[in-house]
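Here's the structure we're looking at; comments come further down.
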Amino acid sequence: MPTVQPIDFATTALTQYSGFYATVIDDFLTPAECDALRDLAASTREWEPAALGPTQTVHTNFRNSDRILRVDKETADMIYERLRPLVPELHVLGPNSEWPSITGKLGKGPRPCWKMVRVNPRLSFLRYGPGHYFKQHCDGLNELLDGPNP
């Protein structure tokens, strides 16, 4: 059974992230489910150095690992159905929600209202070996090709 533990950054060594959202979900997948997902990923492609952007360039200044990208709506839907009840605070994000800063910085103009409707079917499986790392960075947004889903 998964357990959910929100992180209060004010009580950690990472106080500069106070007010940011992060949650740890332990036992989200069973060991057998993890093995099945890893096998699913490896069934379609070989592990390659994780690259970014349309030109797929490797940026070892902050990231050095192997990755398999797999577009898989069925697996993404399974993950979403498992995740959704564990994070009700993320179902709707907007100016009056518990976590309004997720949709944009305060004072930078009107922020949108986001509704959680699915997990991006572009699944990224990462593998770390000796010497691999993932340093502090800021993720970008991936827009789905089929646009928003109501």
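Note on region 44-90: among residues that are within 19 Å of the chain's Cα centre (by Cα) and among the basic types (Lys, Arg), the one that is modelled with the lowest pLDDT is Arg63.
Quick check, is Gly131 in a loop (DSSP other than H, G, I, E, B) and touching a residue at least 60 places away in the same chain (Cβ under 8 Å)? Full working, then the answer.
Values: in a loop (DSSP other than H, G, I, E, B): yes; touching a residue at least 60 places away in the same chain (Cβ under 8 Å): yes.
So Gly131 passes the test.
A Cβ distance below 6 Å, combined with a sequence gap of six or more or placement on separate chains, defines the contacts here; from region 95-119, residues that are free of Cβ contacts under 8 Å to residues at least 12 places away in the same chain and under 30 Å from Glu74 (Cβ atoms) reach residues that are in a loop (DSSP other than H, G, I, E, B) and among the basic types (Lys, Arg) in the pairs Thr103/Arg111.
Checked against (1) surrounded by 11 or more Cβ atoms within 10 Å (Cβ to Cβ); (2) under 19 Å from the mean Cα position of the chain (by Cα); (3) of a type in the set (Val, Ile, Thr); (4) over 20 Å from Phe134 (Cβ atoms), Ile25 passes all but condition (4).
The values are calculated or read from the model by the stated rules, or taken from the named source; none is laboratory data. Being a predicted model, the structure only gives us computed values, none of them experimental. All Cβ positions, even for glycine, are placed from backbone atoms using ideal geometry, and neighbour counts span all protein chains on display.
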